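For reference, the structure discussed in these notes is given below.
FYI, it's all coordinate maths here, none of it is from the lab. Here the structure is a predicted model, which is why all the values come from computation and not from measurement. Here the Cβ positions follow ideal geometry from the backbone for every residue, glycine too, while neighbour counts run over all protein chains shown.
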Amino acid sequence: MHLFINSLAASAGGGLTYIRNVIPHLAATPDLRVTVALEPGVRKGLHSSTNTSFVELNVSSIRRFWYEQVVLLGLLRDRGADVLLSTGNFALRRSPVPQILLSRNSLYTSPDFYRDLILRREYRAWLDTRIKAVLARRSTHWADVTVAPSEAFSAELRRWAGCHVQTVHHGFDAEAFAGGSAPLAAETEEKLAAAEGSLKLLFVSHYNYYRNFETLIRALPLLHDRLSGRAVKLLLTCKLAAGENPGTYRPQAAAKLVHELGVSDLVVELGAIPYGQLHQIYRRADIYVTAAYTETFAHPLVEAMASGLPVVASDLAVHREICGEAAIYFARFSPVELSEQVAQLAGAPETARRMSALGVERSRQFSWKEHVAKILQIARTLLEQRAAQSHNRRGLA
């Protein structure tokens, strides 16, 4: 079987995590050829093998949908693909081969995100998201099978798009995740050393709106008061400055909030950390926190649990599905509840140890190997159905 993967949207975040992790398992599958379409520069660091080839295409985000609908059709034919896996939320309208759509963007279905954009006066982004949402909804009907990474998001997609959606959890590979041995940059080590002795809260994400950085920031002075003088630091794997994050999200409002609340000394901006070094950051923290108001899977939660961190997360169905009892939850826009939950956990070491043990065990339920096996089974089923349909048509002729 020849699987063609459209990963032109995988430039950062979950998309890049996905393609980085599935390729090695696909490469190890007998009797499988894989072609991956991606942007230049993304290939660096990706696993390569004799059965895997890459097509590097320089396409702007504005032109990507059109490019996929026109140019990729020719590539699929030229490369002799059997099945198409579209990983970036949009499907080909008339794919010449069976198509699996991976839908993993909850922004299109999130009322909170649209409301947030209006409050920030991001009217162009609001309109852009609305237009993409129309295409994403239609894509679920263009694809032969739509797959979502969590049951919570599958249910949301079924309500929103009115179509069948299969759930295939994203995976995790603890050995690969913790296998990097390159030391952290000297500047990063200095910042972590300066935070020693504090209660270190970690949030892994580049800056964007739906991860709700502002609620985390607003919780810091409240938490500082609740901890009765114990030092607290919020470790961020980004910088709250223009030009320091992928995408078009503007972090200036968050940076201004840090200044206005007087918590500059509580926020540690580590900057982007290479994936192979992230495990070192997790292991230097005490608690993982996230205030995201929408998610589809949230890979950092699994990474945090595997690293032995107890989790304090916003109360989303996706977060509960992924973490279960390895996390405690708070209303997603409540800095008061967030500070209460963190303070409670910080003062209950036995509870923290129990959650840590539960998290390590729960992280083992997610496997990239199993994810790939399920995707390939869907692909083979589609090929069998296509062959049966072709046979029936010939019989009727």
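Per-residue 3J(HN,Hα) values for region 251-268, derived from phi via the Karplus relation 6.51 cos²θ - 1.76 cosθ + 1.60 with θ = phi - 60°, read x, 4, 5, 5, 5, 5, 5, 4, 5, 5, 7, x, 10, 4, 6, 9, 9, 10 Hz in sequence order (x marks Gly and Pro).
When you restrict to C-alpha pairs under 8 Å that are six or more residues apart and normalise by the size of the chain, the relative contact order lands at 15 percent.
State whether region 174-363 is rounded, prolate or oblate according to the following rule on the C-alpha gyration tensor (a ≥ b ≥ c being the square roots of its eigenvalues): a/c under 1.5 gives rounded; otherwise a/b larger than b/c gives prolate, and the remaining case gives oblate.
On the way: a/c = 1.23, a/b = 1.06, b/c = 1.16.
Because its axes are fairly even, with a/c under 1.5, region 174-363 counts as rounded.
Listed by chain and number, the lysines whose alpha-carbon sits under 17 Å from that of Lys44, ignoring those within fewer than 8 places in the same chain, form an empty set. Here the dipole of region 47-148 is about 400 debye; that uses its Cα centre as origin and unit charges on the Cβ of Lys and Arg (positive) and Asp and Glu (negative). Just checking the listed ones, Ala178, Ala348, Ala152: in the Gaussian network model of the chain with Cα springs under 10 Å, the one fluctuating most is Ala348. Ranking of Glu321, Glu175, Glu244, Glu384 by neighbouring Cβ atoms within 10 Å, starting from the fewest: Glu175, Glu384, Glu244, Glu321.
Projecting the alpha carbon convex hull of the chain along each direction and taking the average yields 20.0 nm². Cβ crowding within 10 Å, taken as a proxy for footprinting-reagent exposure, orders Asp31, Asp116 from fewest neighbours to most as Asp31, Asp116.
In nm, what is the difference between 0.36 nm times the number of residues separating Glu325 and Ala373 and their Cα-Cα distance?
Extra length from Glu325 to Ala373 when fully extended: 14.5 nm.
For Phe54, the residues 5 or more places off, or on other chains, whose built amide H falls under 5 Å of its own are Val36. Here r is the Cβ-Cβ distance between Thr351 and Thr381 and R0 is 41 Å; the resulting FRET efficiency, rounded to 0.05, is 0.35. Step through the table entries Lys233/Lys369; Lys239/Lys374; Lys200/Lys369; Lys132/Lys369; Lys200/Lys239, compare each Cα-Cα distance with 27 Å, and write down the pairs that go over it. Correct reply: Lys233/Lys369; Lys239/Lys374; Lys200/Lys369; Lys132/Lys369. Only helices enter the 222 nm calculation for the chain: every DSSP H run of n ≥ 4 contributes -39,500 (n - 2.57), and dividing by all residues gives -14500 deg cm²/dmol, rounded to 500.
Over 22 Å, how big is the tail of the calculated P(r) for region 110-245, in percent of all Cα pairs? Tail of P(r) above 22 Å: 62 percent of Cα pairs. Here region 174-363 is assigned +1 on the Cβ of each Lys and Arg and -1 on the Cβ of each Asp and Glu. Its dipole about the Cα centre then comes out at about 120 debye.
Neighbour counts of C-beta atoms inside 10 Å place Asp265, Asp286 in the sequence Asp265, Asp286, starting with the fewest. Each Lys and Arg adds +1 at its Cβ and each Asp and Glu adds -1 at its Cβ; summed about the Cα centre, the chain shows a dipole of about 1340 debye.
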